[in-house]
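Some notes on the structure that comes next.
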Amino acid sequence: MSRDPETIMRSQMVRDLIGTGRRRDDRSLGQMRPLVVETDVIAQADGSARVRLGGTELVVGAKLMPSSPYPDHPDEGVMHTGIRLSPLASPSFDRDMDAEATEIARVVDRGIRHSGMIDMKHLCISPGERVWGLYLDIHVLDHDGNLFDASTLGIVLSLRGLAFPNSRFGMGEDRPVPLGEMPVTLTFAKVAGELILDPTAEEEGVSDGRITMTIDPRGWVRAVQLGGCGHFTLEEVKRAHQLARSSAEVVRGSLR
Amino acid sequence: MATRGAEQGRTDGRSDDEIRPVRLHAGVLNNAHGSAYIEWGKNKIMVGVYGPRRPSRQEPLRSDRALVRCTYNMAPFSVSDRKRPGRDRRSLEISKVLSEALTNAVLVERFPRTVIDVNVEVLEADAGTRCAALTAASVALADAGLQMRGLVSACAVGVVDGRIVLDPSRDEDNFGDGDMPVGILPSSGEIVLLQMDGALGPDQFGEALDLGVEACRRIHVLQRDALFVRYGQERASRIEKPHFSGYGDMDTIIMDDEADPPVWGEEAIR
């Protein structure tokens, strides 16, 4: 980010405001932005969703393809999560984004995988021979911060409509994929000593670190990632955990 | 599947000179300087433009004009069998011909030593993506406020069972005998995109070209309408973001009782 006087002043303003408990978009520190969702948007996908979280917008397409199991898990399907940070989504994506993309995809993947929303055993066709490969591809169209939470939301919503495409592969009729409970991912940025939920790109830009937690319906933590250049005290991490647990319930409630 | 045996009509019931339904919206993204979303038949394509700007990478710039740098990318879920993410020979070639076609549309000599990035994301593909992308890309360039010689309009012509048909669908493309994407600058009539593969007879080539150019002029009307809608409404309701239609109705979920639509920084600026 360039350090011209305007950027420096703007950063200071964002920090000062958060220091007084307020944010540029009038949200409280622990409040998510408005969420707009739509499912089954891509006919070629076996499950899909479009999510707009404030100014962040992405499309997720889930695809099932016959695949080979890993030798150590012969009766389980395989899952792959990928994200494209398209250069059309932000002026700052005009460079190699591989490291950022890989981190987001892996963190989101861990949360989905460990929450048990998809039981990998359900993706088995013939043990040791043939299983379903589940490909979750996230396509970011507009970036205004917090891609972690928006990505998990997009995946969860795309999975809700997921069906085994049996007919496409001559394996009988399509049928729905059994689903467990949904995980929720919550990201806090640390700005001016405060933890703020669902940071915008501007807030991420002035933050002293971020912490992402994926919470399952029982309140268990399923994935954590500390990121951004910064550090957290023990109390801050514990506070983030408490806030994540209560916010996860709010998000889960709105998506029922 | 294309029917063998001539006057059977087309797989989707269109007449030979009929284009699939096209919906085009300008100005649908927040960050991009200009953007357009097009649904052309079952194709769904988003285009975002940045520039003219200095590239963040080292790039050989032109001292006499801007570089138009188009990147065509297909989402892994855009086709029936998942596409491996990343660049391939097909997308590199399409990116190149689209860049060149669009260079003709922009007054590139007005912006020396800059790049204009045109990012094309194919979210769903059903034959004719390069024509749909080119059509939407020139609208996105106009939406970015760039000075232009005119829009670029494009449409493909196909050969099915020896008949020349407009805008072949996926089945017609896969089982047909030829495909010829045509792109023109309607303001001057110049042809800026022309590719072909398959088989076109000596008499058919000219006929197909005429039909393609005529189709481009029909597409041009839609492009002008999209820009008119975008900038006609802008004055009436400036706060409202143009509705991203074409995906169907959306459910709005408010996360919290307090979460009114955000008012951007009013308080902070005062």
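The values are calculated or read from the model by the stated rules, or taken from the named source; none is laboratory data. All figures in this text were calculated on a predicted structure; none of them were measured in a lab. Don't worry about glycine lacking a Cβ; one is built from the backbone with ideal geometry, like all the others, and counts go over all protein chains shown.
A compact table of results
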read-out: Of all residues making up region A:56-94, the number that are among the hydroxyl-bearing types (Ser, Thr, Tyr), touching an Asp or Glu at 6+ places or on another chain (Cβ under 9 Å) and touching a residue at least 40 places away in the same chain (Cβ under 8 Å); value: 5
read-out: Residue, surrounded by the most Cβ atoms within 10 Å (Cβ to Cβ), within region B:60-74, restricted to residues that are under 16 Å from B:Glu100 (Cβ atoms) and of a type in the set (D, E, K, R); value: B:Arg69
read-out: Lone unmet requirement of (1) within 12 Å of chain B (Cβ to nearest Cβ); (2) within 18 Å of A:Met182 (Cα to Cα); (3) over 13 Å from the mean Cα position of the chain (by Cα) for A:Pro91; value: (2)
read-out: Only listed residue being modelled with pLDDT under 95, within 27 Å of the chain's Cα centre (by Cα), among the small types (Gly, Ala, Ser) and surrounded by fewer than 23 Cβ atoms within 10 Å (Cβ to Cβ), chosen from A:Ser2, A:Ser11; value: A:Ser11
read-out: Region B:36-63 - residue that is small (Gly, Ala, Ser) and at the interface with another protein chain (Cβ under 7 Å from one of its Cβ atoms) and, of those, farthest from B:Ser80 (Cα to Cα); value: B:Ser56
read-out: Among the residues listed as B:Leu102, B:Leu61, the single one being of a type outside the set (Val, Ile, Thr) and closer than 19 Å to B:Ala226 by Cα; value: B:Leu102
read-out: Residue that is surrounded by the most Cβ atoms within 10 Å (Cβ to Cβ), among those in region B:187-199 that are part of a loop (DSSP other than H, G, I, E, B) and either among the β-branched types (Val, Ile, Thr) or touching a Gly at 6+ places or on another chain (Cβ under 6 Å) (or both); value: B:Ser187
read-out: Positions within region B:92-131 being part of a strand (DSSP E or B), of a type in the set (Val, Ile, Thr) and within 13 Å of chain A (Cβ to nearest Cβ), in sequence order; value: B:Val115, B:Ile116, B:Val118, B:Val120, B:Val122
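Condition check ((1) under 22 Å from B:Leu29 (Cβ atoms); (2) more than 9 Å from chain B (Cβ to nearest Cβ); (3) not in a strand (DSSP E or B)) across all residues:
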position	(1), (2), (3)
A:Ser11	no, yes, yes
A:Ile18	no, yes, yes
A:Arg33	yes, no, yes
A:Val36	yes, no, no
A:Val51	yes, yes, no
A:Pro69	no, yes, yes
A:Glu76	no, yes, yes
A:Arg84	yes, no, no
